[in-house]
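This report refers to the structure that appears directly beneath it.
The values are calculated or read from the model by the stated rules, or taken from the named source; none is laboratory data. Computed from a predicted model, the values in this text were never measured in an experiment. All Cβ positions, glycine included, derive from the backbone under ideal geometry; neighbour counts span all protein chains shown. For the accessible areas, the whole protein counts, side chains as well, though only heavy atoms, and no ligand, DNA or RNA atoms are used. Shrake-Rupley method; radii C 1.70, N 1.55, O 1.52, S 1.80 Å.
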There are 2 protein chains.
Amino acid sequence: MSLLENVRTSAADAFDAGAFSDRLRLAQSAARTLATATTAVKNAALEAIAHDLIEHVDDIVAANAHDLERGRGSGLADGLLDRLALSPRRVHDLADAVLDIVAIADPVGETARGRTLPNGVHLEQVRVPFGVVGAIYEARPNVTADIAALALKSGNAVVLRGGSAAERTNAVLVSVIQGALARTGLPEASVQTIDGFGRAGAAELMRARGYVDLLVPRGSAQLIQTVVTESTVPVIETGAGVVHIVLDESAREDWAVEIVHNAKVQRPSVCNAVETLLVHAAAAERLLPPVLQALRASGVTIHADARATAIFPDSVPATDEDWATEYMSLDLAVRVVDTLDEAIDHIRRYSTHHTESIITNDLGNADRFLAEVDSAVVMVNASTRFTDGGEFGFGAEVGISTQKLHARGPMGLPELTSTKWIVRGSGQIRR
Amino acid sequence: MSLLENVRTSAADAFDAGAFSDRLRLAQSAARTLATATTAVKNAALEAIAHDLIEHVDDIVAANAHDLERGRGSGLADGLLDRLALSPRRVHDLADAVLDIVAIADPVGETARGRTLPNGVHLEQVRVPFGVVGAIYEARPNVTADIAALALKSGNAVVLRGGSAAERTNAVLVSVIQGALARTGLPEASVQTIDGFGRAGAAELMRARGYVDLLVPRGSAQLIQTVVTESTVPVIETGAGVVHIVLDESAREDWAVEIVHNAKVQRPSVCNAVETLLVHAAAAERLLPPVLQALRASGVTIHADARATAIFPDSVPATDEDWATEYMSLDLAVRVVDTLDEAIDHIRRYSTHHTESIITNDLGNADRFLAEVDSAVVMVNASTRFTDGGEFGFGAEVGISTQKLHARGPMGLPELTSTKWIVRGSGQIRR
């Protein structure tokens, strides 16, 4: 039987509240089993999933071809189609990413803090899984495998809403994952999709208080905004990146050229790519020509303020809108500032608090930048492209949190856990 | 000049959106100063606050007398009036609580994790303040001083909404605190009240995304529910406590009697007091008579299921509603269960995930209880009254979180911080 037979599209179905609640109850029940599963059992399940993804590569690519065809028919943008596409090579990459997570330490059961009180009561704060983690995302089938694997390793059940554009692909991926889970003795409901419930299902997921312990949105700014404002379950905002690099007066030219080029050009469509360059006036004449020339040679359009244009005329005029734009393309906004304070003020006003980097040889300025810029990741003399769960050594990543509650920056396994206080006494009462 | 002259009541004023935004901007600006304030400066401010609270004890008690009189006139319940009341003695207790926080370690700047990547890039995850912390609470002036002191020590500005019943008291407290801050060179706007903006101010605070980094509700279940469902800013739910104690088959009689009595009678109006007792059938005949007799002697009404009533007739019949009730009074629901599984199932269904304790001498049952009960604090052979920031050694507490995101259980200083990744390179780019 082809896995495709299990796949339905959502459009024709009315929302079935009873069936939806059943899914969430199954997820809760699976979460209880996963919470006490050993690392060995969870790793065996991940290995089975990686194995089965490769075994079912044809089914997965065939389902993906359907989604791609529908996407082209409905005029999906090229960038989204590229994200949606799964070649056999990309399916192997997915399987490799799952195997990478086997090697990462299991955070569950770790002691975060502990002490014995004067009365002999022993306190221990231990890491525990959240329980049921929800994810709402768009047209990114790799997220299905990544989040499922991270959630399993950290002892959580997941309920996935991957969006209509990738519905067939995700249905097959989830079906493959569930088969692997069943074979290793873990509940199939550990990983479920609610794509079959359509938009109503996504709306219900956002309000499933008491069933969903954590909801992570990944995708466009609009999708994230909707999830953040409409959810009553706890949400971690993963964010858009209006990312800044500051070229300080003392910046080395070679580092400035290489880091800005890497941060803009290596992969412009991702959130850790730089969008705005701020240059100290005293270094603008020295640094802007080589830095911007290298970018122009790679096809980057420079959106420059008047002072930068005067130094580097091969640019278009920047408007106020440019400072607030996450281009996700070969475009860069450039502004000349008179002081480090002016640069920090600009960042305060326009940053999405994702990543900012300063290129400098001035220790005092580096320290001020690191202390005063309020972003998830602040850097000195390094490319903003390093803000990434893989680069940080977390294995895959759930997303990059731009909020301050619970997790900030790339989210790996520990960020998918909560804690619990364990108190052991011998008859103590409070005086 | 009496501090009372500064105090207005909210009822007559229309909501002034501009003035409200100004407050939030002042809070943000104060937060920037506090974020880099040294521990020595913050401690000096706390000492000044403690000093000034005692110096202004008469003003505080006079303002409180107004609030109490108005409360009595509007028929406020005795329990609320008791929480609202500030005697000179209680003002001294507030000042002592502020001084206690001086002695607690400052979490800001602590390194949570760190490593150097193979390419030489150094990563460090450090604790930083949230920024602006909001608090919405009711008729508890002690919360004003506690949260202000905890927020200051952890480098956060606070915006307080303490409710109309305590409005004059809180206005004087905030005015005293602001005077002490000004004297130590910290911004007065580090601690502000928005009581003057009435209910509209509370509603705006819940939606002040980008201005408020964390909002903590404290008070009735209804208040907490409103804040959780209506807020678009990140919230930590502090919760109601339908707290359980399980008497296992092997429970020691003396521990059972003392712990249940302590957990119910010592202070029945608080969230860590026990509300439901579950007794293993094989121990019910042995344990219920002495345990319940001791409670009856202290005036506790026993709401018993049929099997418990058969053993201890001096009780009233329990209904389904009793299992879900946080009495906060000298009432206790009692049920006989046949197995530990039945006890855990009961807790799963009715617990608010605050605190649960088992009295047992069976190691296997203790371990199962600790692992399978999904509450902020799980205990063996100890009174549930220990779930408390003071008892845990945190100084005062912001509240007791019953959610899993960011903080769980009593919240002290580290729970008022976020983290930030600091990345130091020497020209590295991503390959």
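For the reader, a short list of remarks on this structure follows.
- Taken over region B:395-424, the criterion of being more than 7 Å from chain A (Cβ to nearest Cβ) and farther than 18 Å from B:ALA112 by Cα is satisfied by B:GLY395, B:ALA396, B:GLU397, B:VAL398, B:GLY399, B:ILE400, B:SER401, B:THR402, B:PRO410.
- Scanning region A:120-132 for residues that are at pLDDT 95 or above, on the phi > 0 side of the Ramachandran plot and surrounded by 15 or more Cβ atoms within 10 Å (Cβ to Cβ) turns up at least one hit.
- Residues satisfying the stated conditions in region B:356-367, i.e. at the interface with chain A (Cβ under 9 Å from one of its Cβ atoms) and either surrounded by 23 or more Cβ atoms within 10 Å (Cβ to Cβ) or more than 15 Å from B:HIS280 (Cα to Cα) (or both): B:SER357, B:ILE359
- Scan region A:209-233 for residues that are in a loop (DSSP other than H, G, I, E, B) and buried (at least 24 other Cβ atoms within 10 Å of the Cβ) and the total you get is 2.
- Restricting region B:395-415 to residues that are open to solvent by 20 Å² or more (accessible area, probe 1.4 Å) and touching a strand residue (DSSP E or B) at 6+ places or on another chain (Cβ under 6 Å) leaves a set whose member that is nearest to B:GLY239 (Cα to Cα) is B:LYS404.
- Output for region A:228-256, where each listed residue is within 11 Å of chain B (Cβ to nearest Cβ) and of a type in the set (A, V, I, L, M, F, W, C): A:VAL228, A:VAL233, A:VAL235, A:ILE236, A:ALA251, A:TRP255, A:ALA256
- In the set (1) more than 7 Å from chain A (Cβ to nearest Cβ); (2) surrounded by fewer than 24 Cβ atoms within 10 Å (Cβ to Cβ); (3) more than 19 Å from B:LEU150 (Cβ to Cβ), the condition left unmet by B:HIS353 is number (2).
- B:ALA151 being buried (at least 24 other Cβ atoms within 10 Å of the Cβ) and either within 16 Å of the chain's Cα centre (by Cα) or under 26 Å from B:ASP388 (Cβ atoms) (or both): yes
- Taken as a whole, region B:280-293 holds no residue that is in contact with a His (Cβ under 6 Å, 6 or more places away or on another chain) and either open to solvent by 10 Å² or more (accessible area, probe 1.4 Å) or closer than 19 Å to B:GLY241 by Cβ (or both).
- Of all residues in region B:302-329, those being touching a strand residue (DSSP E or B) at 6+ places or on another chain (Cβ under 7 Å) and surrounded by 15 or more Cβ atoms within 10 Å (Cβ to Cβ) number 15.
- Scanning region B:119-142 for residues that are closer than 18 Å to B:ALA31 by Cα and part of a strand (DSSP E or B) yields B:VAL126, B:ARG127, B:VAL128, B:PRO129, B:VAL132, B:VAL133, B:GLY134, B:ALA135.
- Enumeration of residues in region B:243-300 that are among the β-branched types (Val, Ile, Thr) and not in a helix (DSSP H, G or I): B:VAL243, B:ILE245, B:VAL246, B:VAL270, B:VAL274, B:THR276, B:VAL279, B:VAL300
- Among (1) assigned to a helix (DSSP H, G or I); (2) closer than 16 Å to A:VAL132 by Cβ; (3) open to solvent by 30 Å² or more (accessible area, probe 1.4 Å), the one test that A:ALA189 misses: (3)
- Looking only at region A:20-61, residues that are among the hydrophobic types (A, V, I, L, M, F, W, C) and free of Cβ contacts under 8 Å to residues at least 60 places away in the same chain come to 5 in all.
- Taking strands (runs of 3 or more DSSP E) as the structural unit, those lying wholly within region B:329-431 and holding at least 1 residues that are of a type in the set (S, T, N, Q) and at pLDDT below 95 correspond to B:399-401.
- Region B:194-208 - residue that is assigned to a helix (DSSP H, G or I) and in contact with a Gly (Cβ under 7 Å, 6 or more places away or on another chain) and, of those, farthest from the other protein chains (Cβ to nearest Cβ): B:ASP195
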